[in-house]
Each structure stands twice: as structure tokens, then as C-alpha cells.
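Every number in this text was worked out from the coordinates using simple rules, so none of it is lab data. The structure presented is a predicted model; accordingly, all values stated were derived computationally and were not measured. Neighbour counts are summed over all protein chains in view; Cβ atoms, including those assigned to glycine, are modelled from backbone coordinates with ideal geometry.
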């Protein structure tokens, strides 16, 4: 069985980063709602290849 030793660090980053990002940029919005975000096609990772945002 495989266990990645970086998992606790990744979870910590995922817990700390979003609140810090939204505290720094409270008006953070998606740049263009008419363009769908392209998801990464992978059986390992789920996410977006790009997610353009507008910082005001």
C-alpha cells in the first residue's frame, strides 16, 4: 500500500491558502463567466488547467 508523506502538508496548504487568498483579494471573481473552465483530464488529479480570475 502506498502512502504519500506529503499529504499532511498538502492538506495544510489547502486549509490555509483559500482563506488567505480571499482575505487579500475580497473582490476576486471569475474573469469571464461565458467561457467554461477546462478541466484537467486525469484519473489522478481533478482540477482545472486554467481558471482566469479578475482581481479588483
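Of all residues in the stretch 2-24, which are more than 26 Å from residue 55 (Cβ to Cβ) and exposed (fewer than 10 other Cβ atoms within 10 Å of the Cβ)?
The answer is 2, 3, 4, 5, 6, 7, 8.
Given the conditions (1) loosely packed, with under 10 Cβ neighbours inside 10 Å; (2) in a helix (DSSP H, G or I), which single one is not true for residue 27?
All conditions pass for residue 27, except number (2).
What number of residues within the stretch 36-48 are without any contact (Cβ under 8 Å) to a residue 12 or more places away in the chain and part of a loop (DSSP other than H, G, I, E, B)? Reasoning before the result, please.
From the stretch 36-48, those without any contact (Cβ under 8 Å) to a residue 12 or more places away in the chain are 36, 39-48; that's our starting set.
Now drop any that are not part of a loop (DSSP other than H, G, I, E, B), which leaves 36, 40-47.
Matching residues across the stretch 36-48 total 9.
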